[in-house]
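Report on the following structure.
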Amino acid sequence: MWIFRTHDIGTPYTASYRKVRNRYISEVKHGVLPTRQEMEEWIARKMDERPHNATFSVEVTPELVEAMTVQDSMEAYYEEMTKGEEVHCVGTRTRKRIRCVICMNSKFTKIKLPCGHIYHRKCIDEWARWKPKCPVCDATLQLVPDRGDTSSSSTV
Ligand SMILES: [Zn+2]
Ligand SMILES: [Zn+2]
């Protein structure tokens with residue numbers, strides 16, 4: 001499966017093109033398809049002058065495309081989601097460098113749900129407002145009760 005992205009890149013053209021393309025390839029090798037915005041931020045950091053418009057293509061697995069779709073649907077449903085009441089998912093803090101499939105980022109502390117899948121707290125809490133199921137395995141999400149119940153030590 002191929003995806004195509006167009007970015008404004010820096011000079012000299014050939015070197016910049018190669019830099020951006022290698023960045024894509026290395027991220028995809030690590031199982032991460034950078035979002036358009038992440039790539040734009042990276043290019044802005046790495047290349048001061050950006051007069052050239054270049055299109056990049058990269059071959060990705062269907063799983064990565066699926067993860068992208070999850071992110072797109074997050075944006076599309078964001079309005080709907082935030083209408084619902086705020087919720088908090090039950091989970092244990094973890095520093096494992098695993099990609100949160102909701103935002104595609106592997107940075108920052110995340111939480112591990114009872115089903116074993118790992119997300120950022122912010123991401124999964126927002127997701128849960130919209131759909132109270134684990135995005136990966138469809139397990140029903142356990143929510144922390146409203147009234148500040150801290151009896152379970154495993155909750156964050
Ligand atoms: Zn996330
Ligand atoms: Zn799960």
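Observations on the structure shown:
- Applying the Karplus relation 6.51 cos²θ - 1.76 cosθ + 1.60 with θ = phi - 60° to the stretch 91-104 yields 3J(HN,Hα) values of x, 10, 4, 9, 9, 4, 7, 10, 5, 7, 6, 6, 10, 6 Hz, where x marks Gly and Pro.
- From phi via Karplus (6.51, -1.76, 1.60), per-residue ³J(HN,Hα) for the stretch 34-41 in Hz, x at Gly/Pro: x, 6, 3, 5, 4, 5, 4, 5
- Scalar couplings 3J(HN,Hα) for the stretch 129-145, obtained by applying the Karplus form with A = 6.51, B = -1.76, C = 1.60 to θ = phi - 60°, are 4, 8, 9, x, 10, 4, x, 8, 10, 6, 5, 5, 6, 8, 9, 6, x Hz; x denotes Gly and Pro.
- Cα gyration tensor category, rounded, prolate or oblate, for the stretch 20-61 with a/c compared to 1.5: prolate
- Shape of the stretch 87-145 from the C-alpha gyration tensor: prolate (a/c of 1.5 or more and a/b above b/c, with a ≥ b ≥ c the square roots of its eigenvalues).
- The stretch 5-72: chymotrypsin sites (Phe, Trp or Tyr not before Pro) in DSSP loop, at most 14 other beta carbons within 10 Å: none
- Likely footprinting exposure, Lys133, Lys110, fewest C-beta neighbours within 10 Å first: Lys133, Lys110
- Amide H within-cut-off set for Leu143, under 5 Å, with H built and near neighbours excluded: Val90
- Each of Lys29, Lys112 has some number of other Cβ atoms within 10 Å of its Cβ, and from fewest to most they run Lys29, Lys112.
- Which of Met1, Met39 has the fewest Cβ neighbours within 10 Å, and the rest in rising order: Met1, Met39
- Under 5 Å from the amide H of Val58 lie the amide H atoms of Ile3, each residue being 5 or more positions distant or on a separate chain, with H modelled from the backbone and absent for Pro and chain starts.
Where a number appears in this text, it was derived from the coordinates with a stated rule and is not lab data. Since the structure is predicted, the reported quantities are computational estimates derived from the model, not experimental observations. A quick note on method: Cβ atoms are made from the backbone with ideal geometry, for glycine too, and the neighbour counts reach across all protein chains shown.
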